[in-house]
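Visitor: Have a look at the structure that comes next, please.
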Amino acid sequence: MRYKRSVPSAGEPLDLIDLKFLPAWVKEDWSAPRRAEWEEDQEPWPRGGEGPRDRPPRRPRREQKNRDRRDRRSRDERKTPDRGDRKRSHDFPARREAPAPPPLPQLEVHFLPQAAAFENVAAQIKSGTVAYSVYALARLFLQKPERYHVRVKTKDASLLFRLGESNAVSTNRTALEDSAFRLMREKFYETKVTLNDPIKGDFNSVARERTTGTLLGPTNHHSYQPQLRRLYEQRFSRRMSFLDFQRQIEIVGDSALVEQWKEEARKVTTFLTRQEEPAQTFNTEAEADRHFREKYLPTLITETPEAEIDGVTSRRLPDRGIARLIENAWSAEVRSPSSMMQELAGRSRGTGLQIFRDRRIRGLGFGPSDSGNA
């Protein structure tokens, strides 16, 4: 049984007008790591010198004197460790040291140009007489994940685990199995949503998870505990303990949110199998997950020493170790795109393009066979 593999499009055609050895491109600053695309948009931190209105207010003179007095007392306590340590431990409880991040997997990471994007670039170059910098072209491919693929390969005798013909890979089989149903659900199950009768009862408050805004319902409702556990298992179990997750739950006394929860709680989701006759129906996601593990999962997990995944998938892999490794490699590749340059040079030989050195760009040029002296 084979599935049609979905390959992301190369995006909009690459515009090469800014790469024609122009001073603006050559002088562009690529020295800083470009991690903005990997992180959620955040408000810029205010910088100093933006004006007197942006400066923090000055401390009152009395507050400054009190602070100086506390500093002197702290220095005196350091000179008498017996009494001072007891006082500091009472005033300032010892902080827990943050656990060290897990070691990154031992994998080789290489970046490759996406086939359709490379063909588009090669066609544009062959249609003219202008040469382009291989260095600049390599960075052009790395700008957007739709334009490149990532090849990961093990360095030792260990193997990677891959989920079917998808791009999901992991060094941990159990972790990949835990996320398999979420990744492959659309291929094997049809999801249907129906509405039940309105929920009866008067509720004054509703529980909400702070970071996602997910409404879990009143704490005295019978669905609260299952919803709480389900949200933790699906989105937070790999990041924190259940106790830490519970600290993120807040109780909100907002009648509008209570009504919103009532409408959302009316929705009942059922799962129908796509590849079975007659189709089976499961009333909960847990039942469908159990069926998926028994029926399909054993034949979907394969072992391989290397895998090639598209750039879009590489940024949302379920294996956080591999995702972090690829992110670090991408930042280093942007600063010095040697891997991408080698791939571009190798593929150019079969397209009628020429690689040559050019003193104006202090590097390699990439252009038609008759543009070496252009």
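Visitor: Out of the residues in segment 283-342 that are in contact with a strand residue (DSSP E or B) (Cβ under 6 Å, 6 or more places away or on another chain) and of a type in the set (Gly, Ala, Ser), which is farthest from Phe161 (Cα to Cα)?
Guide: Ser339
Visitor: A further question follows. Filtering segment 237-251 down to residues that are at pLDDT 85 or above and under 14 Å from Thr212 (Cβ atoms), which residue is surrounded by the fewest Cβ atoms within 10 Å (Cβ to Cβ)?
Guide: So the residue we want is Glu250.
Visitor: Here are some residues: Thr219, Thr191, Thr212, Thr174. Which one is polar (S, T, N, Q), outside the structural domain of Ala288 (by TED's automatic domain parsing) and either closer than 27 Å to Arg290 by Cβ or not in a helix (DSSP H, G or I) (or both)? Talk me through it step by step, then tell me what you get.
Guide: Details: Thr219 fails: outside the structural domain of Ala288 (by TED's automatic domain parsing); Thr191 fails: outside the structural domain of Ala288 (by TED's automatic domain parsing); Thr212 fails: outside the structural domain of Ala288 (by TED's automatic domain parsing).
One residue alone meets the criteria, Thr174.
Visitor: Another question about this same structure. Residues of segment 155-203 being touching a strand residue (DSSP E or B) at 6+ places or on another chain (Cβ under 9 Å), of a type in the set (Asp, Glu) and closer than 19 Å to Thr304 by Cα, which ones?
Guide: Listed by number, the list holds a single entry, Glu177.
Visitor: While we're on this one: Regarding segment 105-118, can at least one residue be identified that is assigned to a helix (DSSP H, G or I), at pLDDT 85 or above, surrounded by fewer than 17 Cβ atoms within 10 Å (Cβ to Cβ) and out of contact with any strand residue (DSSP E or B) (no Cβ under 6 Å at 6 or more places or on another chain)?
Guide: Yes, some residue in segment 105-118 is assigned to a helix (DSSP H, G or I), at pLDDT 85 or above, surrounded by fewer than 17 Cβ atoms within 10 Å (Cβ to Cβ) and out of contact with any strand residue (DSSP E or B) (no Cβ under 6 Å at 6 or more places or on another chain).
Visitor: Now for a separate question. Among the listed residues Tyr189, Tyr132, which satisfies the condition of being among the hydroxyl-bearing types (Ser, Thr, Tyr) and modelled with pLDDT of 85 or more?
Guide: Tyr189
The values are calculated or read from the model by the stated rules, or taken from the named source; none is laboratory data. Just so you know, these numbers come straight off a predicted model, no measurement behind them. All Cβ positions, even for glycine, are placed from backbone atoms using ideal geometry, and neighbour counts span all protein chains on display.
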